[in-house]
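Working notes, beginning with the structure itself.
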Amino acid sequence: MRYAPILDRLATLGSAKWEVHYAAGRLAAAGRDVIDLTIGNPDVPAPEALVEGAAAAMRAGRTQYSTGRGEAHLRAALAARYAARAGREVTPDQVLCFPGTQTALYAVLMGLAEPGSEVLVGDPMYATYEAVIRAGGAVPVPVPLRPDLGFRLSAGDLAARVTPRSRVILLNTPHNPTGAVLAAADLAAIGEVARAHDLWIVSDEVYEELVFDGTPFASPFDRAELADRTVAVSSISKSHAAPGFRSGWAVSSADCADRLLPLSETMLFGNQPFIADMTAEAVAAPSAVAEGMRSRFAGRARYLADRLAQETALRVHRPEAGMFALVDVSATGMDDSAYAMDLLEATGVAVMPGTSFGDSLAGWVRVALTVDDARFRAAADRIVAHAAPPKARARA
């Protein structure tokens, strides 16, 4: 039987990246004490008010079809939120609603990057980015995010990789997996590259509300000179600890939203009305859980960095935001995949190999900060013990 070429483009870009995560699940199912630090599930449940709001909406009959754009009151709430952030008018016709940031990214990139065109994206990158770019036949062009620059995208490195086939710059700020946050000056310089070469900017901002220690958040959408070439995508998955609700959106110019609408309608024809009701309530007020998550994730990152620096040859890159910390494990002599699997098998601690996020993270692993403090400290104990020389480990 014949298959479409998209399946060949995506064949190696799916679940293989999550091998350690799945192995951890199998060990846990077999009764092993596993501390899973692979994925970014929030460490608290969705706020009860949002759960009850969705349930009440379902009981009230809000289970019918929505529109391709999304429910009008949700788009109005999102427009008001982005208008307040940007300091200029943003209207509901600039908003499209999707089931999660991932779907929004897929639709936007399908609409902006034609087959054979290039999407410039920071390397390392979130594990699904290569696939979501290649799905429509576009080609990812990795731009190195250098540790000596705090893993922030350099406009000079970006400009050096622009070609006549370049169409889109895909940003992620705050960044997964590095926790880097682009400053306003970074975005101004990146914006100059975009304007000089007539490029779109797609900005994944799902970690906007998880920035640590007062570091300011900045978005290209908020810059007037970049607004018409920027599409900002986000969701309530991280900010409101509600990943399972699958409620996201894209905000752009009205013309861009109009052009993307038929694609959105072809894919899914709007998100669920009862989830739209809950999301409108969520985005109209500050998150009830984001501040606590920010504090806990930042504290766990500091704790891990201090423990490993004091007791091992492993080193942590301290994140500025998000749910993860990167650990340089090159001192072990193992590559990142071998280290992650050995750590899991030896200690029951599961972390993500850095190369799941791009070859530039060879020798690093990503550690989720999303288990409670007691379990996280237990995981740190096991990582420290595992890092001891083999003879010392045997004696322990």
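The values are calculated or read from the model by the stated rules, or taken from the named source; none is laboratory data. Source: prediction; values computed, not measured. No Cβ is skipped: glycine too gets one built from the backbone with ideal geometry, and neighbour counts run over all protein chains shown. When the accessible area is computed, the model is the full protein with side chains, heavy atoms only, and any ligands, DNA or RNA have been set aside. Shrake-Rupley method; radii C 1.70, N 1.55, O 1.52, S 1.80 Å.
Side notes on the structure shown:
- Normalising the average separation of contacting C-alpha pairs (under 8 angstrom, six or more residues apart) by the number of residues puts the relative contact order of the chain at 23 percent.
- Between A362 and T266, the FRET efficiency estimated from the beta carbon spacing at R0 = 35 angstrom works out to 0.35.
- Between V233, V384, V132, the GNM of the chain built on Cα springs shorter than 10 angstrom shows V384 fluctuating the most.
- Qualifying trypsin sites (Lys or Arg not before Pro) for the range 1-74 [loop in DSSP, other Cβ within 10 Å: at most 12]: R2, R32
- Choice from A301, A29, A55 with maximal GNM fluctuation in the chain (Cα, 10 Å cutoff): A29
- Contact order normalised by residue count of the range 318-369, Cα under 8 Å, 6+ apart, percent: 42 percent
- Whether the range 201-266 is rounded, prolate or oblate, judged on the alpha carbon gyration tensor where a/c under 1.5 counts as rounded: oblate
- Helix-only CD estimate at 222 nm, as mean residue ellipticity for the chain, using -39500 (n - 2.57) per DSSP H run (n ≥ 4): -12500 deg cm²/dmol
- Surface accessible to a 1.4 Å probe, per residue, for the residues of the range 140-204, Å²: 36 Å²
- Euclidean distance between Cα centres, the range 247-295 to the range 1-34, Å: 28 Å
- The HN-Hα couplings worked out from phi for the range 284-292 by the Karplus form 6.51 cos²θ - 1.76 cosθ + 1.60 (θ = phi - 60°) are 7, 9, x, 5, 6, 10, 5, 4, x Hz, whole numbers, x standing for Gly and Pro.
- The slack in the chain from A188 to I6, taken as 0.36 nm per residue of separation less the alpha-carbon distance, amounts to 62.0 nm.
- Rounded tilt (10° steps) of 48-59 against the dominant C-alpha axis of the chain: 50 degrees
- Between the Cα long axis of helix 184-196 and the first principal axis of the chain there is an angle of about 60°, rounded to the nearest 10.
- Of the chymotrypsin sites (Phe, Trp or Tyr not before Pro) found in the range 249-334, the ones in coil according to DSSP and having at most 13 other Cβ atoms within 10 Å of their Cβ are F269.
- For the chain, built as a Gaussian network whose Cα springs stay under 10 Å, the top-fluctuating residue of A80, A30, A113: A30
- R318 versus A16: modelled label distance in nm, points set 7 Å from Cα along the beta carbon direction: 3.8 nm
- Residue-by-residue Karplus 3J(HN,Hα) for the range 201-214, coefficients 6.51, -1.76, 1.60, Hz, glycine and proline x: 10, 10, 10, 7, 10, 5, 9, 3, 8, 10, 8, 8, 6, x
- If R0 is taken as 45 Å, the Cβ-Cβ distance between R26 and R85 corresponds to a FRET efficiency of 0.55.
- Length-normalised contact order for the range 286-396 - Cα pairs under 8 Å, 6+ apart - percent: 24 percent
- Of the residues L344, A107, T128, the one whose Cα sits farthest towards the positive end of the charge dipole of the chain is L344 (charges of +1 on Lys and Arg Cβ, -1 on Asp and Glu Cβ, taken about the Cα centre).
- Solvent-accessible area of the range 134-225 (1.4 angstrom probe, protein heavy atoms only): carbon and sulfur portion equals 52 percent.
- Label point distance in nm, A285-M334, each placed 7 Å from Cα along Cα→Cβ: 4.7 nm
- Cα centroid separation - the range 320-374 against the range 59-91, whole Å: 38 Å
- The range 48-139, dipole about Cα centre (Lys/Arg Cβ +1, Asp/Glu Cβ -1), debye to the nearest 20: 340 debye
- Residues whose amide H lies under 5 Å from that of F212, counting only those 5 or more places away or on a different chain, are A321, G322; hydrogens are built 1.01 Å from N in the peptide plane.
- Taken over the range 1-67, the convex hull of the Cα atoms encloses 246 Å³ per residue.
- Taken one residue at a time, the phi angles of the range 370-381 give Karplus couplings (6.51, -1.76, 1.60, θ = phi - 60°) of 10, 9, 5, 4, 5, 5, 5, 5, 5, 4, 4, 4 Hz. Gly and Pro are set to x.
- Shown here for the range 83-176: GluC sites (Glu not before Pro) in loop regions (DSSP other than H, G, I, E, B) with at most 10 other Cβ atoms within 10 Å, namely E89.
- Euclidean distance between Cα centres, the range 212-234 to the range 122-172, Å: 17 Å
- Helix axis angle, 273-283 relative to the chain longest principal axis, alpha carbon, degrees: 70 degrees
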